[in-house]
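My structure is below; once you've seen it, I'll send some questions.
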Amino acid sequence: MERRAIEVRGTVQGVGFRPFVHGLATRHGLSGSVRNAPGVVLIEVEGEAAELDRFLDAIRDEPPPLAKVDGVSWEGRPLRHEAGFRIEESQIGRDPEGGNGSGGPPILVAPDAATCPDCLAELFDPADRRAGYPFLNCTNCGPRLTIVTGAPYDRARTTMASFPMCPACRAEYEDPADRRFHAQPTACPECGPRLSLLDAVGGPITGDDPLGHFAAAILEGRIGALKGLGGYHLACDARNDAAVAELRRRKHRDEKPFAVMANDIEAAAELAEVSPAEEELLASPARPIVLLRRRQGGADTGAIAEAVAPGNPSLGVMLPYTPLHHLLMRAVGGIPLVMTSGNRSDEPIAYENDAPEQLRGIADLFLAHDRGIHVRCDDSVARVVDGAAVPLRRSRGYAPRPIVLPMDCPVPVLAVGGQLKATFALGRGNQAFLSHHLGDLDHFEAYKAFERDVLLYENLFEVTPECLVHDLHPDYATTRYAEDRARRAGIGRLAVQHHHAHMASAMAEHGLAGSVIGVTFDGTGYGTDGAVWGGEFLVGGYESFRRAAHLRYVPMPGADRAIREPWRMAASHLIDAGVGTGVLEARVPAASLRLVATMLGRRFQSPPTSSAGRLFDAVASSCGIRDVVTYEGQAAVELEWLASRADADGAYPFALDRPADSTGPLVADTRPLIRAVAEDVRRGVPPEKVSRRFHTAMVEMIADVCGRLRALHGPETVVLSGGVFLNALLASEAAATLRHRGFRVHAHRLVPPGDGGLSLGQLAVAAARLRAS
């Protein structure tokens with residue numbers, strides 16, 4: 001017989017962990033107790049040594065669905081010969097003598113999670129007291145981050161505080177054998193939140209069936225706004241061309257695809273091809289929007305309107321993830337619904353009571369409820385590349401689950417990320433707490449949410465930053481925030497170059513150490529020489545890097561305007577390559593081309609750029625795919641679509657040049673490539689072949705440059721990062737080619753390759769530099 005004191009670290013509170021331990025101990029015939037303490041679960045248990053070993057194995061290997069065990073440690077204790085196993089009151093506050101002082105593990109909040117099978121069965125069981133209740137949940141599912149208002153996480157510090165539990169809910173909440181034991185959001189029709197229906201201007205619509213009225217309106221072709229878990233969705237019948245087109249008109253969203261909610265996996269498979277890995281991702285507790293390959297002829301068969309994703313071979317699909325979604329899908333007969341963020345254009349999503357004002361003129365009616373949303377949280381977006389999930393937007397269902405850093409932060413750190421697709425990250429010990437997606441901070445409302453949510457996370461995770469980390473770009477809102485706060489608080493700050501942060505984010509999520517080659521391809525990032533970087537090959541680690549190679553600089557005529565008008569980058573690359581702008585002249589006015597040529601000649605408002613994203617834009621425009629974009633990355637995305645339709649057919653040429661002094665970075669000369677593209681376009685080669693040859697050339701360029709750098713500097717490990725590697729064709733073929741040439745290759749799996757992962761990289765760089773100093 002032995003007695004052991006066990007400490008379990010990780011996401012182990014508010015997820016049914018104590019009832020799980022209680023049941024596990026009972027099953028193994030053990031006695032003792034379990035309780036929550038700040039940041040950990042503490043267990044004292046005694047029994048036969050073999051059973052104790054099996055008990056520990058089960059804690060590590062069989063935790064509840066929402067739990068994540070980061071570590072288990074134990075030490076021996078004298079036997080007490082007690083009977084039974086009990087759940088004790090939680091320890092409030094740190095106990096330095098007990099090993100939980102202020103430096104102890106932070107309290108972790110689980111992400112919001114999709115409705116579990118047990119709750120779903122109750123939802124549609126006419127005999128259950130929660131049948132048809134849109135807000136049922138248990139310790140294995142339901143809201144977490146979106147309702148929390150403070151720490152420690154309990155009902156009093158959530159938006160459920162205003163809903164006192166009825167006797168029946170209280171009994172379940174206090175019963176260790178019940179799956180709703182200490183489920184903070186638990187409720188029922190007697191004591192919990194309720195639905196309400198509002199008209200287009202926010203006035204009440206009376207009736208005893210708000211959901212049924214809302215569903216009928218959707219089926220009639222109207223546009224509804226639905227208050228969900230982290231904000232409002234705009235919803236309409238995805239089969240109805242007129243309704244979808246009207247939603248586009250009202251939202252001023254010309255071509256960017258809408259997400260679709262499918263009733264279940266079978267319904268999703270009618271709309272798109274679903275691999276086993278994609279099915280697993282769709283049905284996971286996070287329930288992200290998953291980019292799937294649309295079934296050929298899907299729109300022609302009437303499955304969904306063409307306007308849902310015009311001209312797009314991919315479709316963003318998600319499954320219902322709240323009881324309200326399940327009830328709505330049943331009420332509309334399981335048809336696919338457009339379910340897109342409830343906002344105007346690119347503003348932050350509506351989530352508060354003023355949603356009817358914010359969405360006035362867009363929604364015909366509102367299905368609202370009185371459970372508050374404290375943390376606005378967009379849907380996550382992911383796709384499967386080479387059989388593995390890659391996040392495009394890490395938000396609901398994933399945040400704020402921590403990522404383990406490969407080193408400890410010597411002091412608490414706040415990394416504030418970038419300007420677009422913003423996230424921030426808090427570092428404490430070896431854990432990085434990444435925020436949910438905050439959107440583009442060009443919008444004042446998004447910036448206000450950024451400021452507020454930074455303070456909320458600091459409170460939740462008991463982190464008071466002693467160092468702030470930001471991008472080199474002086475005009476980012478996050479840079480100004482870090483400068484101002486560091487000055488007011490009298491704390492240190494560090495600036496991290498944009499692409500170094502990309503490289504470090506990929507290294508950190510894989511726990512890499514030492515020196516690597518970082519292939520960091522994106523649209524724009526502020527370089528150490530003041531130029532616009534974006535096609536970079538860095539050699540180094542967390543503390544420092546050397547720019548070992550990059551794409552050839554070309555001017556970016558009109559600066560940011562060249563991002564919105566890819567023909568400008570095409571003109572720049574074509575003129576740089578010495579072939580003129582003939583391939584553009586049928587589509588771009590002669591006066592516009594002359595103006596840009598003059599700008600380029602005088603270097604007027606034309607900063608130099610090495611951007612891979614702008615190179616993709618240039619090729620897309622050169623072969624007539626896209627001259628003007630209506631959303632970020634549209635030209636490059638459409639170039640990828642075309643390439644994926646064609647078989648490999650050779651690669652365009654490029655050159656690798658050393659600078660005259662032989663000491664600077666290697667330059668990947670794109671001029672031979674652009675000349676070959678222009679010649680193929682003049683010869684009438686189909687755009688899909690041009691695109692395929694271009695993609696193959698970029699893969700060969702990546703592999704050849706990495707090979708040259710390995711010969712010169714030695715790293716055998718390559719990380720692929722930056723928004724261009726959201727391109728599945730490029731990412732998968734580059735990784736495969738590099739591996740074939742003997743490299744160890746790592747791509748993103750936990751954070752987005754794009755700017756949504758910057759904060760993790762900034763945090764890792766800061767931790768390494770602070771440790772070194």
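Applying the Karplus parametrisation 6.51 cos²θ - 1.76 cosθ + 1.60 with θ = phi - 60° to the phi angles of region 489-501, what ³J(HN,Hα) value in whole Hz is obtained for each residue in order, glycine and proline being reported as x?
8, x, 10, x, 9, 10, 9, 10, 4, 3, 7, 4, 5
Could you derive backbone 3J(HN,Hα) for region 404-413 from the dihedral phi with the Karplus parameters 6.51, -1.76 and 1.60 (θ = phi - 60°), listing whole Hz in sequence and x where the residue is Gly or Pro?
After applying 6.51 cos²θ - 1.76 cosθ + 1.60, I find 7, 7, x, 8, 7, 7, x, 9, x, 10 Hz.
Here's a follow-up. List, in order, the whole-Hz ³J(HN,Hα) value for each residue of region 619-627 obtained from phi through the Karplus relation with A = 6.51, B = -1.76, C = 1.60 and θ = phi - 60°; use x for Gly and Pro.
My calculation for region 619-627 gives 5, 4, 6, 4, 9, x, 7, 7, 9 Hz in order.
Considering amide H positions built from the backbone, and no H for Pro or chain starts, which residues 5 or more places from Leu666, or on another chain, come under 5 Å of its amide H?
The answer is Ala549, His550.
Here's a follow-up. Given a Förster distance of 51 angstrom, what is the FRET efficiency for Glu174 paired with Ala646, based on the Cβ-Cβ distance and rounded to 0.05?
Values: r = 63 Å, r/R0 = 1.24.
For R0 = 51 Å, the calculated efficiency reads 0.20.
With a/c under 1.5 counting as rounded, go ahead and sort region 424-567 into rounded, prolate or oblate using the C-alpha gyration tensor (a ≥ b ≥ c being the square roots of the eigenvalues; past the cut-off, prolate if a/b is larger than b/c, else oblate).
On the way: a/c = 2.00, a/b = 1.29, b/c = 1.55.
Since a/c reaches 1.5 but b/c is at least a/b, the shape of region 424-567 is classed as oblate.
In square nanometres and to one decimal, what's the mean projected area of the convex hull around the Cα atoms of region 683-773? Don't skip to the end; give the middle numbers.
Working: hull surface 32.1 nm².
That works out to 8.0 nm², a quarter of the Cα hull's surface.
Which lysines, on any chain, are close to Lys251 with Cα under 21 Å apart, when same-chain ones fewer than 8 places away are left out?
Output for Lys251: Lys227, Lys421.
In terms of the Cα gyration tensor, with a ≥ b ≥ c the square roots of its eigenvalues, is the chain rounded because a/c is under 1.5, prolate because a/b exceeds b/c, or oblate? Write down the numbers at each step before the final one.
On the way: a/c = 2.01, a/b = 1.37, b/c = 1.47.
The shape class here is oblate.
Non-local amide H neighbours of Ala259 (under 5 Å, H modeled in plane, Pro and chain starts lacking H): which ones?
Answer set, sorted by chain and number: Met339.
Name every cysteine in the chain that ends up alone, with no second cysteine's Cβ under 4.7 Å, or say none.
Those would be Cys119, Cys138, Cys169, Cys188, Cys236, Cys377, Cys409, Cys467, Cys623, Cys706, since no other cysteine Cβ in the chain comes under 4.7 Å of theirs.
Considering amide H positions built from the backbone, and no H for Pro or chain starts, which residues 5 or more places from Val745, or on another chain, come under 5 Å of its amide H?
Under 5 Å from the amide H of Val745 lie the amide H atoms of Val718, each far enough along the sequence or on another chain.
On a C-alpha basis, how far is the centre of region 653-700 from the centre of region 367-396 in Å? Whole number, if you could?
Comparing the Cα centres of region 653-700 and region 367-396, I get a distance of 37 Å.
What is the gain in length, in nm to one decimal, between Arg561 and Ala736 on full extension, counting 0.36 nm per residue of separation less the C-alpha to C-alpha distance?
Numbers: separation 175, 0.36 × 175 = 63.00 nm, distance 3.52 nm.
Gain on extension, Arg561 to Ala736, equals 59.5 nm.
Something else: Based on alpha-carbon centroids, what's the gap between region 210-251 and region 332-350 in Å, whole number please?
7 Å
Can you give the local net charge around His573? Use residues other than it whose beta-carbon is closer than 11 angstrom to its beta-carbon, Lys and Arg +1, Asp and Glu -1. All intermediate terms of the calculation are to be shown ahead of the outcome.
Numbers: positive: Arg552, Arg568, Arg614, Arg671, Arg675; negative: Asp576, Asp617.
My count for the surroundings of His573 gives +3.
For the pair Val411 and Arg60, what calculated FRET efficiency results from E = 1/(1 + (r/R0)^6), where r is the Cβ-Cβ distance and R0 = 30 Å, to the nearest 0.05? All intermediate terms of the calculation are to be shown ahead of the outcome.
Details: r = 31 Å, r/R0 = 1.02.
Once rounded, the FRET efficiency stands at 0.45.
Among DSSP beta bridges whose residues both lie in region 236-317, state the antiparallel percentage, nearest 5.
Values: 6 of 8 bridges.
Of those bridges, close to 75 percent are antiparallel.
Now for a different question. Report, please, the projected area of region 2-98 averaged over directions, based on the convex hull of its C-alpha atoms, in nm². Before the final figure, lay out the partial values.
Numbers: hull surface 23.3 nm².
Average of the hull's projected areas for region 2-98 equals 5.8 nm².
At 0.36 nm per residue, and after removing the present C-alpha to C-alpha distance, how many nm does the segment from Ala161 to Phe124 gain when stretched out fully? Spell out each step's value before the answer.
Numbers: separation 37, 0.36 × 37 = 13.32 nm, distance 2.70 nm.
Gain in length upon complete extension: 10.6 nm.
For labels at Asp53 and Asp370 in the simple 7 Å Cα→Cβ model, what's the distance in nm?
Spacing of the two 7 Å Cα→Cβ label points: 5.7 nm.
Over the chain, what is the percentage of antiparallel beta bridges among all DSSP beta bridges, to the nearest 5? Show your work: numbers first, answer last.
On the way: 84 of 115 bridges.
So the antiparallel bridges amount to about 75 percent of the total.
Still on this model: With a 10 Å Cβ neighbour count serving as the proxy for reagent exposure, in which order, fewest first, do Asp529, Asp378 appear?
Numbers: Asp529 9, Asp378 19.
Going from least to most buried by this count: Asp529, Asp378.
Coordinate-derived values only; no laboratory data. For clarity, every value in this text was computed on a predicted model and none was experimentally measured. Glycine gets a Cβ as well: all are built from the backbone with ideal geometry, and neighbour counts include every protein chain shown.
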